[in-house]
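Structure first, then comments.
The values are calculated or read from the model by the stated rules, or taken from the named source; none is laboratory data. This is a predicted model, so every value here is computed, not measured. Quick reminder, even Gly has a Cβ in these numbers, built from the backbone with ideal geometry, and neighbours come from all protein chains shown. In case anyone asks, the SASA skips ligands and DNA or RNA and just uses the protein heavy atoms, side chains included. Shrake-Rupley method; radii C 1.70, N 1.55, O 1.52, S 1.80 Å.
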Amino acid sequence: ATKCLDALSPADITEIKQFTKVGVGVEMTMKVVCFYFNVKPEIDKVDGKKVENYHKASKGGLINDPKKFITMLKDYDKDNIPDKTIKKVAPFMEGDEFLPEKIRFASVACEAVCMWARAMYKYHFVALGVEPKRIALAEAKAKLEVVMSQLAVAQAKLKDVVDNLDRLEAEFNGAVE
């Protein structure tokens, strides 16, 4: 996903921004991105019904500055994705429509963003599985630090005893001679 973002150019994002009528792939991608960045949809009226428009919402803020958007994707705080965000994007990740190979038909740029979104989702669950191990590692390092400091104190005492023993042995040898 990171490599795809590296290959993504501001012109690619500008292409998404310039779409006047978007396909399902672009709409889904922008919706998922808005979920990750907590952007609320704009509301359109279609045939007297209110319809959420995430593409318009993303054009207003997220993809307005393509370079900034790419940087935001790269710098996203993947270690602290809120559970409510994961719950919102889960149906997209578990369905068969939000797949990079399908999104590619809508837009190559959206394919890269789709890959990023899926990677963030997977990372969240991997991080949850690894977190207890990180905590255990931190606890083990703290215990090791305590033991190492105790070892250093014991080694210093041993050195004093050995030095004292060497001095006494030298005195004894001197007295024997």
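Which residue out of Glu139, Glu111, Glu131 is of a type in the set (Asp, Glu), within 25 Å of Val39 (Cα to Cα) and part of a helix (DSSP H, G or I)?
After applying the criteria, what remains is Glu111.
Out of curiosity, is Glu52 acidic (Asp, Glu), surrounded by 11 or more Cβ atoms within 10 Å (Cβ to Cβ) and in contact with a Lys or Arg (Cβ under 7 Å, 6 or more places away or on another chain)?
Criteria not met by Glu52.
Hey, among Phe69, Phe98, which residue is among the aromatic types (Phe, Trp, Tyr), touching a residue at least 60 places away in the same chain (Cβ under 8 Å) and at negative phi?
Of Phe69, Phe98, the one residue that is among the aromatic types (Phe, Trp, Tyr), touching a residue at least 60 places away in the same chain (Cβ under 8 Å) and at negative phi is Phe98.
Which one is most open to solvent (accessible area, probe 1.4 Å), of the residues in the range 72-110 that are touching a Gly at 6+ places or on another chain (Cβ under 9 Å) and closer than 24 Å to Glu42 by Cα?
My answer is Glu97.
Residues being open to solvent by 70 Å² or more (accessible area, probe 1.4 Å), part of a helix (DSSP H, G or I) and farther than 20 Å from Phe105 by Cβ: count how many of those fall in the range 2-39.
Total meeting the criteria: 3.
What pairs come out if I take residues in the range 104-125 that are closer than 14 Å to Lys87 by Cα and touching a residue at least 24 places away in the same chain (Cβ under 8 Å) and pair them with residues that are assigned to a helix (DSSP H, G or I) and among the basic types (Lys, Arg) whose C-beta lies under 6 Å away, six or more apart or interchain?
Between residues of the range 104-125 that are closer than 14 Å to Lys87 by Cα and touching a residue at least 24 places away in the same chain (Cβ under 8 Å) and residues that are assigned to a helix (DSSP H, G or I) and among the basic types (Lys, Arg), the close pairs are Met120/Lys78.
Against the conditions (1) under 24 Å from Val126 (Cβ atoms); (2) open to solvent by less than 70 Å² (accessible area, probe 1.4 Å); (3) not polar (S, T, N, Q), where does Phe69 fall short? Just the number, please.
All conditions pass for Phe69, except number (1).
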